[in-house]
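The values are calculated or read from the model by the stated rules, or taken from the named source; none is laboratory data. Model, not experiment: these values are computed from the prediction. Glycine gets a Cβ as well: all are built from the backbone with ideal geometry, and neighbour counts include every protein chain shown.
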Amino acid sequence: MKQYVLVAFLVISTTISSQYVDRSFFKAGIHVGVPVGDAADLANVGFGLDLYQHWGISKKFDLGLATGVQYYFGLDSTIDIGPEAITVRGEDTIYAPLAAFFRFYPSKSINLGGDIGYAIGFNDFTDGGFYYRPTLSFDLSPGSALNFSYAAIEGENATWSTITGGVIFRF
């Protein structure tokens, strides 16, 4: 009986270790974003910094942690009061997401995935909220990739949504 348990243990541990891929790495990148939906009424363009720590769990999947900052420029609005027009500067919007992510590699140069977590708002009028960001990435070289995503932050009163495109670098 002890031999069967030992053989089963060796087969299971060999199978698990053969699936593991040491693909741990750090990525950092920049992106440009265009607000959509409710957010388009408050901002017109923004940019961000993305930071990722990947851990390969198999040849086709990575898990990891993501953070960064998203900065969107507020829209100015004009108010007509009698003969005078007053321009009011829109407040900029800043979020910092804290998320976990997964990536799936259907081919060597393409990956699909998503970030899920919480985004912290850094303005008086921006609350933090549930953060999700589906992504699609195309490798340019072994050290860089084009990254496209839809990002959304669901607050209590509104959802801040953006479409982003950027470049990311592997370290």
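Of everything in the range 40-56, what is buried (at least 16 other Cβ atoms within 10 Å of the Cβ) and modelled with pLDDT of 90 or more? Give them in sequence order.
Passing the criteria: Ala43, Gly46, Gly48, Asp50, Tyr52, His54, Gly56.
Could you please give the count of residues in the range 133-152 that are out of contact with any Gly (no Cβ under 6 Å at 6 or more places or on another chain), surrounded by fewer than 17 Cβ atoms within 10 Å (Cβ to Cβ) and within 24 Å of Phe73 (Cβ to Cβ)?
The qualifying residues number 2.
Identify, please: which residue in the range 153-166 is under 12 Å from the mean Cα position of the chain (by Cα) and over 17 Å from Ile116 (Cα atoms) and is, among those, surrounded by the fewest Cβ atoms within 10 Å (Cβ to Cβ)?
Here the answer is Gly165.
Check Gly37, Gly82, Gly33, Gly29 and return the single one that is at pLDDT below 80 and not β-branched (Val, Ile, Thr).
Answer to the check: Gly82.
Provide a single number: the residues in the range 61-118 that are charged (D, E, K, R), loosely packed, with under 13 Cβ neighbours inside 10 Å and assigned to a strand (DSSP E or B).
Qualifying residue count for the region: 2.
Could you please find all residues in the range 102-161 being polar (S, T, N, Q) and under 22 Å from Gly56 (Cβ atoms)?
Ser107, Ser109, Asn111, Thr135, Ser137, Ser141, Ser144, Asn147, Ser149
Identify, by number, the condition in (1) surrounded by 15 or more Cβ atoms within 10 Å (Cβ to Cβ); (2) touching a Gly at 6+ places or on another chain (Cβ under 7 Å) that Val32 doesn't meet.
Failed condition: (1).
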